[in-house]
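Data first, discussion second: the structure below is written as structure tokens.
The values are calculated or read from the model by the stated rules, or taken from the named source; none is laboratory data. The shown structure was predicted, so the numbers you read here are calculated from the model rather than taken from an experiment. Cβ coordinates were reconstructed from backbone atoms using ideal geometry, including for glycine residues, and neighbour counts include every protein chain displayed. Surface areas here come from the heavy atoms of the whole protein model, side chains and all, with no ligands, DNA or RNA. Shrake-Rupley method; radii C 1.70, N 1.55, O 1.52, S 1.80 Å.
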Amino acid sequence: MKTRNKLKILNDPIYGFITIPNELIFDLIEHKYFQRLRRISQMGLSYLVYPGAHHTRFHHALGCMHLMQKAVRVLRFKGVTISDNEEKALYAAILLHDIGHGPFSHAMEHSIVNEINHESISLMFMEEINQEFNGSLTLAIQIFKGEYHRNFLHQLISSQLDMDRLDYLKRDSFYTGVAEGNINSERLITMLTVVNDELVIEEKGIYSVEKFLLARRLMYWQVYLHKTSLVAESLLIRVLKRAKELVDNGKDLPASAALSFFLKHKISEGDFTTEVLETFSRLDDYDIVSAMKEWMNCDDFVLSKLSTMLINRDLLKIKIKKKPFDSSKKEKQIEKFTSKYKISEDEARYFIFEGTISNQAYHQNKQNINILFKSKKIVDIVKATDEYNLEALSKPVTKYFMCSPKYKH
């Protein structure tokens, strides 16, 4: 039997050629759970604002793995020992770090499943694949969970300056065309080193870190928390909430088998059996879009109107302020809407609602980004820099928003 060449090269629009480092990674990429990520958009509904933002979690995972290869090379060059097994485990862990994302990424954590985040689902997928692969992911899972004795390996996967952030900022900035997010991930990785089992950045990398944190703040306000994306995501959460409500009341809604399962059952973390995980793995963006196309013709006013808004991109209007809204305004809007469409107040609240968003580019005291000075002193980036803005970046900024229907005059 002819053996397959598993050491392939992929072409990425951002980094150029990405090499698959070993056979395990090749087999993981080939796995159906990983291939599903081709059908999950990296930025949810942001393409309604930035038409180019159609890249997927699949692109992102490969990009992270590519950056991890660079990080391992740099650290070894600086005398940090990383065994072959640790290296293999790092690549597998970073490749699979987002495998648990549901359709449209974050919107699902509030509607399809209850009180369970994508990290927990990622871990379940990893454990499931680990059984199939005869335990070859055991070390990767330990590192992913932060249970391995060498902490810096976990920091490369999950910290405030990890390969995940270094890839998504650069990638999302590329695909949206928002140049402010374009960070120099190569230089940041080149400045990495390890002291006392912790990742640190050499002193000469200080400006690259400043630029990275600033880029993160700008990308949040300009892209991730863009008001139109915010409305679209809020509507998507409400579409699924309404669909669930109708199904609970005995209504039969057209949907794929996988989506129907999650509409009919209340699934929390404890309910995730192997069968449920398998059903979840069949869910992707396409299930949701095709369901909404059907639901546009549903006889329920709320579901049909919300679905139509999203499919035709005729969204609610949104106002964002630094102070909370006067609630009497919202009640007036609700009154107007109920009388116009002859619906109940509860139904009107699907179209008129408020919420908050907050942005904090840097969390002090949470796996800090530390700078290593030539004097061997290690200092947190906020204290190490002469950039006053960084102090401000580590404080959360909260804004308030209110969504309501547009009235055609």
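Details
- Stretchable slack from residue 115 to residue 26, in nm (0.36 nm times residue separation minus alpha-carbon distance): 28.8 nm
- Alpha-carbon centroids, the range 329-398 and the range 218-275: separation in whole Å: 22
- Relative to the current alpha-carbon distance between residue 150 and residue 271, full extension at 0.36 nm per residue lengthens the span by 40.3 nm.
- Whole-number Å³ per residue for the convex hull built on Cα positions in the range 291-341: 98
- In this structure, the pairs whose alpha-carbon distance is over 18 Å, taken from 32/293; 244/340; 241/293; 241/264, are 32/293; 244/340.
- Across the protein chains, with a 1.4 Å probe defining accessible surface, the residues 185, 256, 358 rank 358, 256, 185 from largest area downward.
- Candidate aspartates and glutamates - alpha carbon under 17 Å from residue 322, same-chain residues fewer than 8 apart omitted: 354
- Folded to 0 to 90 degrees: helix 301-311 orientation relative to the chain principal axis, Cα: 40
- Taking 20 °C and 1.002 mPa s as conditions, the chain diffuses translationally at an estimated 93 µm²/s according to Stokes-Einstein applied to its Kirkwood radius (Cα pairs).
- Here the chain exposes an accessible surface that is 50 percent carbon and sulfur, computed with a 1.4 Å probe and the other protein chains kept in place.
- Here the calculated FRET efficiency for residue 78 and residue 257, from their Cβ-Cβ distance with R0 = 60 Å, stands at 0.70, rounded to the nearest 0.05.
- Acute angle (nearest 10 degrees) that the helix 163-176 long axis makes with the longest principal axis of the chain, alpha-carbon atoms: 50
- Calculated mean residue ellipticity at 222 nm for the chain: -14500 deg cm²/dmol, from DSSP H runs with n ≥ 4 weighted as -39500 (n - 2.57), summed, divided by the residue count and rounded to 500.
- Simple label model, 7 Å out from Cα along Cβ direction - residue 326 to residue 383, nm: 4.7
- Spacing of the two label points (7 Å from each Cα toward its C-beta) at residue 304 and residue 241, in nm: 2.2
- Annotation for the range 291-368: trypsin sites (Lys or Arg not before Pro) lying in DSSP loop with at most 10 further Cβ atoms inside 10 Å of their Cβ are 322, 342, 366.
- Listed by chain and number, the aspartates and glutamates placed with their C-alpha closer than 13 angstrom to that of residue 266 are 109, 115, 245, 248; residues fewer than eight positions away on the same chain are left out.
- Remark: for residue pairs 317/342; 70/211; 88/374, the C-alpha separation exceeds 25 Å in 88/374.
- Taking the C-alpha atoms only, the angle from helix 227-248 to the longest principal axis of the chain is near 60 degrees.
- Solvent-accessible ranking of 341, 148, largest area first, probe 1.4 Å: 341, 148
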